[in-house]
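The values are calculated or read from the model by the stated rules, or taken from the named source; none is laboratory data. Since this is a predicted model, take the numbers as computed values, not measurements. Using ideal geometry, Cβ is built from the backbone for each residue, glycine included, and neighbour counts are taken over all protein chains shown. Areas reflect the complete protein model, heavy atoms only, side chains present, ligands, DNA and RNA absent. Shrake-Rupley method; radii C 1.70, N 1.55, O 1.52, S 1.80 Å.
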Amino acid sequence: MIHWPAIIESGDGHDYVWVAGPEEVDAQRPNPGDRLFDSQGYTHLLSQQTGGALYWQPLLRLVSLPELNAGLKVYAASLGVCCTSKLVVRTPAEAIALVAWLEQQ
């Protein structure tokens, strides 16, 4: 079960997108290997069935906040945000709010 809102991290780990709910996921055109971090901190991997259908496979671990912070700093820098060393999230909800804010800049 995915707890919304969430963020999707591209498979290469350099891009994030905020999604309010499941109806917005398809519009983002996720690819197999992308990860979704939900508001409770659960990680889901976009996988592909043999028949080609995509589905979010829940992983049995919570998001690593140090790993997420590192990725978000790179993402923010790619958007031209300065002082990214000061960007630190302490919870999955803060990470989701940060991506939503970055998208509005």
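Under 11 Å from the Cβ of residue 87, count the other residues' Cβ atoms, weight Lys and Arg +1, Asp and Glu -1, and hand me the total.
So the surrounding residues net to +1.
On the accessible surface of the chain, probed at 1.4 Å, how many percent belong to carbon and sulfur atoms?
C and S fraction of accessible area: 55 percent.
To test your reading of the geometry: what angle, between 0 and 90 degrees and rounded to tens, separates the Cα axis of helix 65-78 from the longest principal axis of the chain?
Taking Cα atoms only, the helix is inclined about 70 degrees.
Return the single residue from 90, 29, 61 with maximal mean-square fluctuation; model: Gaussian network over the chain, springs between Cα atoms under 10 Å.
29
Compute, for region 1-92, the length of the dipole vector about the Cα centre, with Cβ point charges of +1 (Lys, Arg) and -1 (Asp, Glu) only. Units Debye, rounded to 20.
360
So if I take the centroid of the Cα atoms in region 53-85 and the same for region 18-34, what is the distance between those two points in Å?
15
What is the sum of charges around residue 33, taking Lys and Arg as +1, Asp and Glu as -1, for the other residues whose C-beta is under 11 Å from the C-beta of residue 33?
Overall, the nearby charge balance is -2.
Given a 1.4 angstrom probe, what's the average accessible area per residue across the chain, in square angstrom?
Here the per-residue accessible area is 58 Å².
Once you sort the root eigenvalues of the Cα gyration tensor of region 1-62 as a ≥ b ≥ c, which label holds: rounded (a/c under 1.5), prolate (a/b larger than b/c) or oblate (the other case)?
Cα axes put region 1-62 in the rounded bin.
Rounded, prolate or oblate: which one fits the chain, using the alpha carbon gyration tensor with axes a ≥ b ≥ c (rounded when a/c is under 1.5, else prolate when a/b beats b/c, else oblate)?
prolate
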